[in-house]
Amino acid sequence: MRRFQYTAIDDATRVRALKIYDKHTQANAIDFIDHNYRGGPT
């Protein structure tokens, strides 16, 4: 079973955010960006 990891790293603080999805889709990419721009869990 394949999994897809989306990762974002803040250049200033080096804080990382990652999320695992079952599928590699545009909707998942948008969800990941929306989740991180809105703060998401810390």
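The values are calculated or read from the model by the stated rules, or taken from the named source; none is laboratory data. It should be emphasised that the depicted structure is a prediction, and the values quoted were computed from it without experimental measurement. Here the Cβ is made from the backbone with ideal geometry for all residues, glycine too, and neighbour counts use every protein chain on show.
Considering only residues that are in a helix (DSSP H, G or I) and surrounded by fewer than 12 Cβ atoms within 10 Å (Cβ to Cβ), look in the stretch 1-32 and name the one that is modelled with the lowest pLDDT. The extreme case among them is 30. If you go through the stretch 33-42 and pick out every residue that is surrounded by fewer than 10 Cβ atoms within 10 Å (Cβ to Cβ) and either modelled with pLDDT of 95 or more or in a helix (DSSP H, G or I) (or both), you end up with 1. Of the residues making up the chain, those that are aromatic (Phe, Trp, Tyr) and in contact with a strand residue (DSSP E or B) (Cβ under 8 Å, 6 or more places away or on another chain) are 4, 6, 21, 32.
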